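Since the structure comes first, as structure tokens, the remarks are kept for the end.
The values are calculated or read from the model by the stated rules, or taken from the named source; none is laboratory data. What you are looking at is a predicted structure, and each value in this text was computed from that prediction instead of being measured. Heads up, the Cβs are rebuilt from the backbone with ideal geometry, glycines too, and the neighbour counts pull from every protein chain shown. These accessible areas exclude ligands, DNA and RNA; they are computed on the full protein's heavy atoms, side chains included. Shrake-Rupley method; radii C 1.70, N 1.55, O 1.52, S 1.80 Å.
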Amino acid sequence: QVQFVESGGGLVQPGGSLRLSCTASGIRFTNFHMGWYRQAPGKQREAVAWISFGSAPLYASSVKGRFTMFRDNAKNTVYLQMASLRPDDTAVYYCNTWPSPTQSWGQGTQVTVSS
């Protein structure tokens, strides 16, 4: 059974930083491209960062230059380092395979950017 467990979210002031983690199980992690997705209240889920084999991670224009994604294949884990956070980054963040996410979404981790 495929599972993703996200952690690291919280309440942070504008301009602050957070590091999110997501550990996968039930898949051969090294066989998959991975992505970070987010869903803000009242909006559709969107991909914000993704990493393919042998390539540098790519980012949505809204987060480029502020977010950094990396993966640790030995730990079946992907990370999202977020800096210069803005109120419009407030969302529930998820990881999943990319570009075709599995149906097994985790609970996500809430990121709230507010003063």
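For segment 23-32, how many residues meet the condition of being open to solvent by 80 Å² or more (accessible area, probe 1.4 Å) and of a type in the set (S, T, N, Q)? Break it down into steps so the answer makes sense when it comes.
The first filter runs over segment 23-32 and keeps only residues open to solvent by 80 Å² or more (accessible area, probe 1.4 Å), leaving 28, 31.
This time we only want the ones that are of a type in the set (S, T, N, Q), so: 31.
Residues that pass the stated criteria total 1.
If you take the residues of segment 60-80 that are within 14 Å of A49 (Cα to Cα) and modelled with pLDDT under 95, which of them is surrounded by the fewest Cβ atoms within 10 Å (Cβ to Cβ)? Can you show your working first?
Of all residues in segment 60-80, those within 14 Å of A49 (Cα to Cα) come to 60-71, 78-80.
If we keep only those that are modelled with pLDDT under 95 as well, we get 70-71.
Numbers: F70: 13, R71: 20.
So, considering only residues that are within 14 Å of A49 (Cα to Cα) and modelled with pLDDT under 95, the one surrounded by the fewest Cβ atoms within 10 Å (Cβ to Cβ) is F70.
When you scan segment 65-82, do you find a residue that is β-branched (V, I, T) and touching a helix residue (DSSP H, G or I) at 6+ places or on another chain (Cβ under 8 Å), even just one?
Within segment 65-82 (the criterion being β-branched (V, I, T) and touching a helix residue (DSSP H, G or I) at 6+ places or on another chain (Cβ under 8 Å)), the answer is no, since none of the residues qualifies.
When segment 68-115 is examined, which residues are found to be part of a strand (DSSP E or B), without any contact (Cβ under 8 Å) to a residue 24 or more places away in the chain and among the hydrophobic types (A, V, I, L, M, F, W, C)?
Step one: filter segment 68-115 for residues part of a strand (DSSP E or B), giving 68-72, 77-82, 91-97, 109-113.
Filter once more, so that each one left must be without any contact (Cβ under 8 Å) to a residue 24 or more places away in the chain: 68, 70, 72.
Scanning segment 68-115 gives a single hit, F70.
From G54, G8, G35, which residue is open to solvent by 20 Å² or more (accessible area, probe 1.4 Å), at pLDDT 95 or above and not charged (D, E, K, R)? Full working, then the answer.
Values: G54 fails: at pLDDT 95 or above; G35 fails: open to solvent by 20 Å² or more (accessible area, probe 1.4 Å).
After applying the criteria, what remains is G8.
Looking at A83, A47, A40, can you tell me which residue is surrounded by 15 or more Cβ atoms within 10 Å (Cβ to Cβ) and in contact with a strand residue (DSSP E or B) (Cβ under 8 Å, 6 or more places away or on another chain)? First the steps, then the outcome.
Numbers: A83 fails: surrounded by 15 or more Cβ atoms within 10 Å (Cβ to Cβ); A40 fails: surrounded by 15 or more Cβ atoms within 10 Å (Cβ to Cβ).
When all the criteria are applied, what remains is A47.
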